[in-house]
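Notes for the one structure printed next.
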Amino acid sequence: MQPFVVMAKPVGSLCNLECSYCYYLETGRFSQSQHKFHMSDSLLERYIQQYIASSPGPIVQFTWHGGEPTLAGLDFYRLAVTLQKRYLPEGWSCWNNLQTNGILLDDEWCSFLADAQFDVGLSIDGTRGLHDKNRKDHNGSGSYERAVAAVRRLQAHGIQPDLLCTVTSETAKEPLAVYRALKDLNTGWIQFIPIVRLTEDGQPTADSVTGEGYGDFLCAVFDEWIRHDLGRLNVQLFAEMTLVWSGGSASLCWMAPTCGQVLIVEHDGSVYSCDHFVTPDHRIGDIKSSSLSALVDLPVQHRFGNEKRTKLSLQCSSCSWLEICNGGCPKDRFALAENGEQGHNYLCGGFRQFFAHAEQPLRRAMQFRKQGLTSEAIMAELLAESQARWRGVGRNDLCPCGSGRKAKQCCWSKRF
């Protein structure tokens, strides 16, 4: 059995916000206990005991997700920490991560999270305008100020939260405003999640970012980051690319060759193949009647994970960026490839654009780092090299970033 990770949903899809793009709210109709969206104490104990027993150790990674996991209440997590200590073998430890919208994080919550050494991921969509348009509460009010207040409160208690920002079709039009707003919160870590949803007739929704839009967004953010913030701020995708090009393996499941090693445990004990596949077809069992280790080893789960590789389109299989992307997330494989083949990644064009744009400067930064240069010196060297590449390039010439597009259609406006 390979090591695996579990995302626990202690209140299922329940949430105190009604985000316009949320993919998880509808999953509640599949619950085995539709009128009680709260993991019981006995089920929590069973989950923690099973998960620790199936872990190779010595660190066991617990991720608490939602919906909004803080709706389970502070006492729920106090009990979770107590149970973890009870079942941990001697010399082992737990790492807890809470993914939250921050609305309920008062000083009592933050004090507990700090004392229990939780890592916190906090969702915030860049600028106030974008955030408040998409992330409203049940009264229709925006939540930006409350999310920012949660970041500040966490920081006051010694926790630097990871910031998770979704990228919609509108967000993609404001890359620098979004990036700078997140940067100004001074947490040190940002991740960008593309919003891709389908209508009932199988077409991308209006708020879904296009491949081109996502590619342009990433290119703009990358240029700003590598010119001004290298070594000061981490962007998840850029860090993962550096890891792969350094000879390591990506930790993000959508970048890995196969998937199926990140299970979902719902509030009623149901276990699903993946966070994006919480449907009856992908319910593989429950922890009341089976162990997590047995469920992750089921043939159906192995097949689910291996199909990420076996169902690659021909275009993906021959792509020069395969080692980085590996075809992307299976949930996004509904587009046509250039040869007309079905099941291609909807965001492929944007990823290819971005990888071509970022490879040369990122690899150079890695080389300079090996030579012992400081971040400031690396940024100065990259600026000088960029200026040299652009010398003599006209608006209608091919962009020197390697995208294959004309300079005026690509990086002309953000040359240095």
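The values are calculated or read from the model by the stated rules, or taken from the named source; none is laboratory data. Bear in mind the structure is a predicted one, so any value in this text is a computation, not a measurement. Using ideal geometry, Cβ is built from the backbone for each residue, glycine included, and neighbour counts are taken over all protein chains shown. Each accessible area value is taken on the protein alone, full model and side chains, heavy atoms only, with ligands, DNA and RNA left out. Shrake-Rupley method; radii C 1.70, N 1.55, O 1.52, S 1.80 Å.
Once both labels are positioned 7 Å from their Cα atoms along Cα-to-Cβ, the gap between residue 341 and residue 25 label points is 3.7 nm. Based on alpha carbons, the Rg and Dmax found for region 162-284 are 16.7, 48 Å.
Could you do me a favour and compute the accessible area per residue for region 211-307, 1.4 Å probe, result in Å²? Working shown, then result.
On the way: 3550 Å² over 97 residues.
Computed with neighbouring chains in place, this is 37 Å² per residue.
Simple rule: put +1 on each Lys or Arg Cβ and -1 on each Asp or Glu Cβ in region 89-209, find the dipole, and look at 204, 178, 157; the Cα lying farthest toward the positive end is 178. Considering only 222, 249, 141, whose Cα is most displaced toward the positive end of the charge dipole of the chain, charges sitting on Cβ of Lys, Arg (+1) and Asp, Glu (-1)? The listed residue farthest towards the positive side: 222.
Can you send over the solvent-accessible area of residue 397, 1.4 Å probe, protein chains only, in Å² to the nearest 10? It works out to around 70 Å².
Each part gets one Cα centre, and for region 1-19 versus region 244-289 those centres are 10 Å apart.
Using the Stokes-Einstein relation with a Kirkwood hydrodynamic radius computed over Cα pairs, the translational diffusion coefficient of region 189-237 at 37 °C and a viscosity of 0.692 mPa s comes to 264 µm²/s. Kindly provide log₁₀ I(q)/I(0) values, in the same order as q = 0.11, 0.18 Å⁻¹, from the Debye equation applied to equal alpha-carbon scatterers of region 293-412. The Cα Debye sum returns log10 ratios of -0.57, -0.99. Relative to the current alpha-carbon distance between residue 141 and residue 321, full extension at 0.36 nm per residue lengthens the span by 60.6 nm. Amide H to amide H distances under 5 Å link residue 5 with 262, 263, where only residues 5 or more positions off or on other chains count and H is placed in the peptide plane.
Computed from point charges on the beta carbon alone (+1 for Lys and Arg, -1 for Asp and Glu), the dipole magnitude for the chain about its Cα centre is near 1060 Debye.
Partners of residue 85 within straight-line reach, counting aspartates and glutamates whose Cα lies under 13 Å from its Cα and excluding those fewer than 8 residues away in the same chain: 45.
Relative contact order, percent, of the chain when contacts are C-alpha pairs under 8 Å separated by at least 6 residues? Before the final figure, lay out the partial values.
On the way: 693 pairs, mean separation 61.1, N = 416.
Taking the mean separation of contacting Cα pairs over the length of the chain, I get 15 percent.
Projecting each Cα onto the charge dipole of region 197-277 (Lys/Arg +1, Asp/Glu -1 at the beta carbon, about the Cα centre), which of 277, 235, 265 comes out farthest on the positive side? It is 235, whose Cα lies furthest towards the positive end.
Within the shell of other residues whose beta carbon sits under 10 angstrom from the beta carbon of residue 97, the net charge comes to -2, with Lys and Arg scored +1 and Asp and Glu -1.
From the Kirkwood radius over Cα pairs of region 263-361, Stokes-Einstein at 4 °C and 1.567 mPa s returns a whole-number translational diffusion coefficient of 85 µm²/s.
The packing ranking, built from the mean of other Cβ atoms within 10 Å per residue, places the peptides 168-181, 118-131 in the order 118-131, 168-181, highest first. Distance from the alpha carbon centroid of region 371-413 to that of region 95-121 works out to 41 angstrom.
Per-residue Karplus couplings for region 254-265, computed as 6.51 cos²θ - 1.76 cosθ + 1.60 with θ equal to phi - 60°, are listed in order as 6, 9, 7, x, 10, 10, x, 9, 10, 8, 10, 10 Hz, Gly and Pro entered as x.
Over the Cα atoms of the chain, what is the Rg over Rh ratio if Rh follows Kirkwood? Present the calculation step by step, with values, prior to reporting the outcome.
Details: Rg = 22.0 Å, Rh = 22.8 Å.
Dividing the radius of gyration by the Kirkwood radius yields 0.97.
The charge dipole of region 266-372, taken about its Cα centre with unit charges on the Cβ atoms of Lys, Arg (+1), Asp and Glu (-1) only, comes to about 560 debye. If each Cα of region 95-239 is one equal point scatterer, what is log10 of I(q)/I(0) from the Debye formula at q = 0.15, 0.17, 0.18 Å⁻¹? The computed values of log10 I(q)/I(0) come out as -0.79, -0.97, -1.07. Among 302-311, 387-396, the peptide with the highest mean count of other Cβ atoms within 10 Å heads the list, and the full ranking is 302-311, 387-396.
Counting only residues at least eight positions apart within a chain, or on another chain, the lysines with an alpha carbon under 21 Å from that of residue 408 are 173. The charge dipole of region 336-380, taken about its Cα centre with unit charges on the Cβ atoms of Lys, Arg (+1), Asp and Glu (-1) only, comes to about 300 debye. According to the calculation over all Cα-Cα pairs in region 217-283, the P(r) per 5 Å bin from zero is 3, 14, 18, 14, 14, 11, 12, 8, 4, 1 %.
For region 369-374, the Karplus equation 6.51 cos²θ - 1.76 cosθ + 1.60, evaluated at θ = phi - 60°, returns couplings of 5, 4, 7, x, 6, 6 Hz by residue, with Gly and Pro reported as x.
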